[in-house]
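Reading through the structure tokens given below for one structure.
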Amino acid sequence: MIGRLNHVAIAVPDLEAAVAQYRETLGADVGAPLDQPDHGVTVVFITLPNTKIELLYPLGADSPIAGFLAKNPAGGIHHICYEVADILAARDRLKAAGARILGSGEPKTGAHGKPVLFLHPKDFNGALVELEQV
Ligand SMILES: CC[C@H](C(=O)O)C(=O)SCCNC(=O)CCNC(=O)[C@H](O)C(C)(C)COP(=O)(O)OP(=O)(O)OC[C@H]1O[C@@H](n2cnc3c(N)ncnc32)[C@H](O)[C@@H]1OP(=O)(O)O
Ligand SMILES: [Co+2]
């Protein structure tokens, strides 16, 4: 069911500093910041030869990553995103297996304009998992 690794997300306390570090110090291909109000974050994608890094910074008062950054003030790896061909079939398979789908349980449109879902970290060895239909 899960396919390619689409991205690894890092929550950062200072987006400009993280962008400069990846662009200047690490010499990476860094995109422009994109506000995602529906998700409560600003994202910056870094394109690597074999996957992407997604820098996350809180947007708005109810950002879902605010709690994470409060617990991890220096930032940290926030989630991992796997690609799936059919997100509704994936959701139904996961629910049947007892996994918790976060939020409403319905896919939302993610940063790439594709449907995404999130699975509770406690069900996946402490890792927050995002699924993106491609
Ligand atoms: C623009 C879309 C973009 C894309 O790629 O398309 C995105 O990726 S948007 C990314 C931001 N959105 C989300 O992360 C949505 C899903 N996340 C959530 O619903 C919350 O972050 C949630 C429920 C995972 C955690 O919320 P919160 O931190 O407020 O809850 P708790 O403090 O109660 O946490 C419960 C429990 O889980 C542990 N936790 C929290 N976040 C993570 C994490 N990222 N990785 C691993 N574990 C996490 C937290 O420590 C608590 O554990 P406990 O042992 O009880 O302390
Ligand atoms: Co993501």
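The values are calculated or read from the model by the stated rules, or taken from the named source; none is laboratory data. Owing to the predicted nature of the structure, the values given are computational and were not obtained by experimental measurement. In this analysis, Cβ positions are derived from the backbone assuming ideal geometry, glycine residues included, and neighbour counts consider all displayed protein chains. These accessible areas exclude ligands, DNA and RNA; they are computed on the full protein's heavy atoms, side chains included. Shrake-Rupley method; radii C 1.70, N 1.55, O 1.52, S 1.80 Å.
Over region 83-134, what percent of the accessible surface lies on carbon and sulfur atoms, probe 1.4 Å? Carbon and sulfur atoms account for 52 percent of the accessible area of region 83-134. The GluC sites (Glu not before Pro) found in region 59-134 include none that occupy coil by DSSP while having at most 14 further C-beta atoms within 10 Å. Annotation: amide H-H contacts under 5 Å for GLY76 (H modelled 1.01 Å from N, sequence separation of 5 or more, or interchain): ALA11. The aspartates and glutamates whose alpha-carbon is closer than 20 Å to the alpha-carbon of LYS52, local same-chain residues fewer than 8 away aside, are ASP14, GLU16, GLU24, ASP29, ASP35, GLU83, GLU130, GLU132.
Given 10 Å bins starting at zero, what is the percent of C-alpha pairs of the chain in each, up to the one with the largest pair distance? Values per bin, smallest distances first: 12, 43, 34, 9, 1.
When only alpha carbons are used to place a centre, region 2-42 and region 66-95 end up 15 Å from one another. How much net charge surrounds GLU132 when only other residues with a Cβ under 13 Å from its Cβ are counted (Lys, Arg +1; Asp, Glu -1)? For residues surrounding GLU132, the net value is +1. Computed from Cα positions, the angle between helix 87-96 and the longest principal axis of the chain comes to roughly 60 degrees. For the cross-link pairs LYS71/LYS114; LYS71/LYS95; LYS71/LYS122, the ones whose C-alpha atoms lie over 24 Å apart are LYS71/LYS114; LYS71/LYS95.
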